[in-house]
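All remarks here apply to the structure that follows.
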Amino acid sequence: MSRWLFCLAVVAVSSWSGGLQMSGSVAAADRPNVVIVITDDQGYGDCGFTGNEVVKTPNIDSLAAESSVLTDYHVAPTCSPTRSAFVTGHWTNRTGVWHTISGRSMLRDNEVTFGEIFSDAGYQTGMFGKWHLGDNYPYRAEDNGFTEVYRHGGGGVGQTPDFWDNAYFGGSYFHNGEAVKAEGFCTDVFFREGNRFIRECVEADEPFLAYIATNAPHGPLHAPQKYIDMYPEMKENVATFFGMITNIDDNVGQTRELLRELGVHDNTIFIFTTDNGTAGGASVYNAGMRGKKGSPYEGGHRVPFVMHYPKGGFATPRSDNTLCHAVDVVPTLLEMCGVDAPEKVKFDGTSIVSLLKGQADSSFDERMLITDSQRVIDPIKWRQSSVMQNKWRLINGKELYNIADDPGQENNVAKAHPDQVDSMRSFYDAWWAELEPTFSQTTEMTVGHPDHPVVTFTAHDWIGQAPPWNQAAIRAAAAVFPKKSKKAKDQKLSHNGHWAIHVHEAGKFEVALRRWPEESGAAITAAVPPGEDVPGSSPAYRTQAGRAIPVQSAEIRVDGKSIASKAVGEGDSVVSMEIDLSKGSHQLAPVFKIPSGEVGAYYCTLSRIGK
């Protein structure tokens, strides 16, 4: 393994005393396989088995009917933070991932994922779909222990780091780092690739962990028309949202059938869960909860969790309402698979195998957990936070709710229970004090590494400047063409963003600046036509016409100082300059000069060219 750095913890891992460190020489049949399906923006109430009478999820419902189900399982209120906790067993704010953009969605290099742990234990590890924990070395899935990776870029299909002009149908995705063309709807593609990986592992008698992370039902809302048509009574946006979920459900059923066909169904741990509260179904059914995606209230972060494993005794219906969190997943999987945690890694979560078995476990009775939604460059104390203990929820450090009596969190009872408020505030204070010193550890993208001589940056990861996070925003160039106002007309544009980089070894680099990504072939000063739409209730990002920017020259700033500039000629698709970079941390800010000021280069490539 590449790294095992010590991480301080609030809660130490509950290690399995009988755990055996596996090696590649142990037969696959002697240890369980793992399939994890995690969806994007599907909330607790967006499943039939949780009480939704509209959405059609027969395969997930069938899975839940023969599995252990957690009914008080929590994540972060948004996607990247949840995923960071889910794959590491650490609080999101410890991992450096507390936002979805602006350089705060990259998993710190000292974090260890279940991909690394299981790979070191002799498993084949595959990641399919949405990673959203970094698109550059050393933050990609392929840098974090996954032996097979098939993913889109950024946080969703068509977002800024994704392959240009991708929509939800017929896109190009990154297979082990190389862009490849795919046919079909994105969810079908990611499951298809995951199923291929599973089949290959079984045929090779290799144990596997398949992490299938869909971008659906995250917007823009698109689905094959037949799924949208299943909900004629719903408004178009809800019909599409539910259609995307039913498509996921069909794929869950197909993957479970494949496991049966291959003879590994009984020896496979199958987990279904989601990454935050609903983004599109609250108006239909939200299980009586307040809030949705992004909210510190229950509807923002309580999500479904289903676990099935026949050989391990998890094939009968069980339901447990003990408070749990995404940080519990890694230590739980390690215990179930008999894989030891690395010696110097201490988890913030703990194994919940006893709860999944339906056994009473008093060690969880007084447990406190925290979830928050920062979505800022640097975390702010108490921001969008929920401290949880049993029936109690302390929101933003001020509001207290007893969800046993008040599941909709309508009655703030903080004044009636000052001791409970003080206890929960004290827990949060200690948690914050431990994590706060790590917040200044900016995740930096490595350049100049001999194994990764070429690095591509996108505006998605600008720090200090609001980034155009999807390709519609790139096409619109909103910063260059602000809404008409006297102030906007008179004000010179300035670019205040940068990419945080770490130069692995000092040397000479070629910096290539682009307004459009390389695969587009478009000139820097060119407009680009709108692309075709796809079925759904939202326009595809590519349907936005691409506006021309009147670029005159380019400039490279490092650590706030201009070190190179060059004129941009008509028809140039890229402007390149050579610069010297010293070893260590730097702020890189390439910009285009235009008559009204300047705009950041949306795409930039650094290539090492010499010492």
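The values are calculated or read from the model by the stated rules, or taken from the named source; none is laboratory data. These numbers were taken from a predicted model, which means no experiment stands behind them. Glycine also receives a Cβ, built like all others from the backbone with ideal geometry; neighbour counts cover every protein chain displayed.
When segment 368-386 is filtered for residues that are among the β-branched types (V, I, T), out of contact with any Pro (no Cβ under 9 Å at 6 or more places or on another chain) and crowded, with 20+ Cβ neighbours inside 10 Å, only I370 remains. Residues that are of a type in the set (A, V, I, L, M, F, W, C) and buried (at least 17 other Cβ atoms within 10 Å of the Cβ) occur at least once in segment 413-425.
Assess whether T57 counts as being more than 19 Å from the chain's Cα centre (by Cα), of a type in the set (S, T, N, Q) and within 27 Å of S385 (Cβ to Cβ). In short, no.
Looking across segment 398-412, the residues that are surrounded by 17 or more Cβ atoms within 10 Å (Cβ to Cβ) and either touching a Leu at 6+ places or on another chain (Cβ under 9 Å) or assigned to a loop (DSSP other than H, G, I, E, B) (or both) come down to L400, Y401, I403, Q409.
When you check Y73 against the structure, is it modelled with pLDDT of 95 or more, surrounded by 21 or more Cβ atoms within 10 Å (Cβ to Cβ) and in a strand (DSSP E or B), yes or no? Criteria met by Y73. Go through segment 295-313 and give me each residue that's aromatic (F, W, Y) and farther than 17 Å from V327 by Cβ. The answer is Y297, Y309. Of all residues in segment 35-50, those satisfying the criterion of being more than 16 Å from F191 (Cβ to Cβ) and of a type outside the set (D, E) are G43, Y44, G45, C47, G48, F49, T50.
The strands (runs of 3 or more DSSP E) found entirely in segment 263-367 that carry 2 or more residues being surrounded by fewer than 21 Cβ atoms within 10 Å (Cβ to Cβ) and touching a strand residue (DSSP E or B) at 6+ places or on another chain (Cβ under 7 Å) are 318-320. For segment 517-542, taking the residues that are touching a residue at least 60 places away in the same chain (Cβ under 8 Å) and not in a loop (DSSP other than H, G, I, E, B), the one that is farthest from V480 (Cα to Cα) is identified as G536. Answer yes or no: is there a residue in segment 333-346 that is under 18 Å from A76 (Cβ atoms) and touching a helix residue (DSSP H, G or I) at 6+ places or on another chain (Cβ under 8 Å). No: zero hits. A single entry from F314, F270 fulfils the requirement of being in contact with a Ser or Thr (Cβ under 6 Å, 6 or more places away or on another chain) and under 26 Å from F191 (Cα atoms): F314. Note on segment 133-142: residues that are farther than 14 Å from A179 by Cα and either out of contact with any strand residue (DSSP E or B) (no Cβ under 9 Å at 6 or more places or on another chain) or in contact (Cβ under 8 Å) with a residue 60 or more places away in the chain (or both) amount to 6. When segment 87-144 is filtered for residues that are surrounded by 22 or more Cβ atoms within 10 Å (Cβ to Cβ) and aromatic (F, W, Y), the ones remaining, listed by number, are W91, W98, F114, F118, Y123, F128, W131, Y139.
Considering only residues in segment 460-490 that are charged (D, E, K, R) and at pLDDT 95 or above, the one that is surrounded by the fewest Cβ atoms within 10 Å (Cβ to Cβ) turns out to be R475. Restricting attention to segment 42-70, the residues being within 15 Å of Y285 (Cβ to Cβ), assigned to a loop (DSSP other than H, G, I, E, B) and not hydrophobic (A, V, I, L, M, F, W, C) number 10. Scanning segment 501-559 for residues that are under 29 Å from the mean Cα position of the chain (by Cα) and polar (S, T, N, Q) gives S520, S537, S538, T543, Q544.
Specify the residue that is nearest to R290 (Cα to Cα); the eligible residues are those in segment 382-419 that are polar (S, T, N, Q) and touching a residue at least 24 places away in the same chain (Cβ under 8 Å). Restricting to residues being polar (S, T, N, Q) and touching a residue at least 24 places away in the same chain (Cβ under 8 Å), the top hit is Q409.
When segment 364-381 is filtered for residues that are touching a residue at least 60 places away in the same chain (Cβ under 8 Å) and among the acidic types (D, E), the ones remaining, listed by number, are D372, D378. The set of residues in segment 486-537 being acidic (D, E) and closer than 26 Å to V568 by Cβ consists of D490, E510, E518, E519.
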